[in-house]
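Here's the structure, in structure tokens; my notes come after.
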Amino acid sequence: MGYDDSRTETATHQRTPKTTGTGWEVAVLDGGPADGVRMRVADRPSVVQVTYPCELDGPAGGAHVDALYVYRRDLRVKAEPLRYGVDPASP
């Protein structure tokens, strides 16, 4: 059996959102460091990630460090603006 990667989606896969019709929806982030941020999302993703750069005290050899915050969609909200709440497991 061969491996068909044409059906595989990874966390880094980016779909091109529709720019006409109902492809984009307004969403609001609740809680955490991005509380109140409004954005547009396509295809109602179940999770969005917010990153903030961290300040480094020494040489990092070209690397950078970001704090990662995860926001999960509130499935009870059916109309715009969609709502995403900060996941308590985030830093």
What are the equivalent ellipsoid semi-axes of region 24-86, built from the alpha-carbon gyration tensor (square roots of five times its eigenvalues), in whole angstrom, biggest first? 29, 11, 9
Sorting check: for 27-40, 48-61, 76-89, which peptide has the highest mean count of neighbouring beta carbons within 10 Å, and how do the rest follow? 27-40, 76-89, 48-61
Val37's amide H: which non-local residues (gap 5+, or another chain) put their own amide H closer than 5 Å, with H modeled 1.01 Å from N in plane and none for Pro or chain starts? Leu29
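Computed from the coordinates by the stated procedures, all read-outs in this text should not be read as laboratory data. Nothing here was measured: the structure is a model prediction, and the numbers come from that model. Cβ: placed from backbone, ideal geometry, glycine included. Neighbour counts: every protein chain shown.
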